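Heads up: the structure comes next, in structure tokens.
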């Protein structure tokens, strides 16, 4: 009886350890810390941002998110 419990606990431990090791990690975002909005050229407001290819850009307003998301190649360096 004790050996069956030990085997079951061992299997559970292996499954949990495998889950912990194999789960995807959150992608890290790089803060660009730009002072001027890439869309308008105005000073950023500190609260609106846009993430593109793992880089977070500061914006001057929420209105700049749509043109940036539709055509990032026009506004962001490669």
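Values quoted throughout were computed directly from the atomic coordinates according to the rules given, and no laboratory measurement underlies them. In this text, all values refer to a predicted model and were calculated from it rather than measured experimentally. Methodologically, a virtual Cβ is constructed for each residue, glycine included, from the backbone with ideal geometry; neighbour enumeration extends over all protein chains shown.
Out of the stretch 33-58, which residues are free of Cβ contacts under 8 Å to residues at least 24 places away in the same chain, in a loop (DSSP other than H, G, I, E, B) and either loosely packed, with under 11 Cβ neighbours inside 10 Å or touching a strand residue (DSSP E or B) at 6+ places or on another chain (Cβ under 6 Å) (or both)?
Across the stretch 33-58, the qualifying residues are 35, 41, 44, 46, 47, 53.
Tell me, which residue of the stretch 1-32 that is touching a residue at least 12 places away in the same chain (Cβ under 8 Å) and exposed (fewer than 10 other Cβ atoms within 10 Å of the Cβ) is nearest to residue 59 (Cα to Cα)?
The extreme case among them is 28.
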